[in-house]
Amino acid sequence: MSEPTIDVRSKAAPASREAPESAYAWTRLFAALLLSGIGGVGMWSVIVALPAVQAEFGVARSAASLPYTLTMICFGFGGILMGRLSDRFGIIAPLAGGAVGLGLGYAVASQATSLWQFALAQGLLVGVASSVAFAPLLADTSLWFTRRRGIAVAIIASGSYLAGTVWPPVVQHFIQSQGWRRTYLGIAVFCVATMLPLTLMLRRRSPLIAAPAMTPDLALRSARPLAMSPAALQTLLVIAGLSCCVAMSMPQVHIVAYAGDLGHGTARGAQMLSLMLGFGIVSRLASGWICDSIGGRLTLLLGSSLQALALVLFLPFHDLASLYIVSALFGLFQGGIVPAYAVIVREVFPPEEAGVRVGTVLMATVFGMALGGWMSGVIFDLTGSYQAAFLNGILWNLLNIAIAVGLLRRRARPLAHAL
């Protein structure tokens, strides 16, 4: 059954340098990682600028947090929009639009005369434009790799952590020395000047895009992936993405406050957060290698189970040394979960749908982080402790494990083998 597919694909891309796994594929992977790291500034600059923006506009902390909330919402929906554009026109169009959108967004935000103007520029321009550096790049990268798809996707997924490591201290330095308005203008110029040239390195489209249209039996085999309707499977993946990141958000969003409440100080909590993100990069790269060996669904189950274990370990251990260790373990365990969704999508859905389907699932993960961070704060306000918030995260994690087990028990179609 698979011979016709292999024959057609080889005619579409006969041993060219643009073929999957080629030197060109790895070159564009490096360019995509740089684009992800640069474009990811949209999620981090607003956090660093929050105190300065609050002071200038004379608003409360809750009001000053609105630009971040709006940025995350628009980032999530923007991933779907940019993914759909990528499916239809290739990654070059949304990337170029994202680079220009970031430049325009930061320039407009730097001239804002009120908080609502700043919030709209952050959300509708910076948030949407920055989304192209995450889900669409993940989906596009997955189209250029077959045997090494897991590690390739993991490398790109590390771009968001790379941005979170590099951008905050840089932005903070320039805000202190130049002010937040001039810093935002500088970011605008830098994004356009660096991202547009890098975008040109990704101008070729994957030969895998042409394969489904030329392979009728492949279309039949992908009609009910995992013996489910595409809509049902997509919904299940969205719920999985939401639940795992509600659980993930408890330590990531509240570890600084948690360490302060325990008497260790917020500076120690910030170090724990940095430790999580650092080990998260290691986790994503390692999980990519694992994913290539055991597949996306089993990798999801493994990562989710280990994340649940790390959440449980937060409950009995409260001293400083233990929290450092558990924070490192949490980062090491959870980093591979989100990239696994992109691999699963490529294993069960046609490649021409990768952008919008990966974008939809990763939108759910972003919303899960936002929802989980809010829920943990509400639970803390009600109970005066983070213990119940950790238990809430564990319950959401168990839901994710249940979905992962259900997906693993379903028989896979041979779509992943053919592509």
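The values are calculated or read from the model by the stated rules, or taken from the named source; none is laboratory data. Please read all numbers here as calculations on a predicted model, not as lab measurements. Note: ideal-geometry Cβ built from the backbone for every residue, glycine included; neighbour counts use all protein chains shown. When the accessible area is computed, the model is the full protein with side chains, heavy atoms only, and any ligands, DNA or RNA have been set aside. Shrake-Rupley method; radii C 1.70, N 1.55, O 1.52, S 1.80 Å.
Quick notes
- Inter-residue pairs, beta-carbon under 8 Å, first in contact (Cβ under 8 Å) with a residue 60 or more places away in the chain and farther than 24 Å from residue 195 by Cα and in the range 101-115, second of a type in the set (A, V, I, L, M, F, W, C) and open to solvent by less than 30 Å² (accessible area, probe 1.4 Å), 6+ apart: 115/53; 115/64
- Boolean, residue 194 is out of contact with any Phe, Trp or Tyr (no Cβ under 6 Å at 6 or more places or on another chain), surrounded by fewer than 24 Cβ atoms within 10 Å (Cβ to Cβ) and of a type in the set (Ser, Thr, Tyr): yes
- Verdict on residue 305 being open to solvent by 40 Å² or more (accessible area, probe 1.4 Å), on the phi < 0 side of the Ramachandran plot and polar (S, T, N, Q): yes
- The helices (runs of 4 or more DSSP H) found entirely in the range 33-90 that carry 3 or more residues being out of contact with any Leu (no Cβ under 8 Å at 6 or more places or on another chain), among the polar types (S, T, N, Q) and under 20 Å from residue 125 (Cα atoms) are 66-89.
- Unmet criterion (only one of (1) open to solvent by less than 70 Å² (accessible area, probe 1.4 Å); (2) in a loop (DSSP other than H, G, I, E, B); (3) at pLDDT 90 or above) for residue 113: (1)
- Checking 360, 365 one by one, the residue that is open to solvent by less than 10 Å² (accessible area, probe 1.4 Å), of a type in the set (S, T, N, Q) and not in a loop (DSSP other than H, G, I, E, B) is 365 and no other.
- Of everything listed in (1) within 21 Å of residue 253 (Cα to Cα); (2) within 20 Å of the chain's Cα centre (by Cα), the single unmet condition for residue 87 is (1).
- Some residue of the range 327-343 being over 29 Å from residue 169 (Cβ atoms), in a loop (DSSP other than H, G, I, E, B) and at pLDDT 85 or above: no
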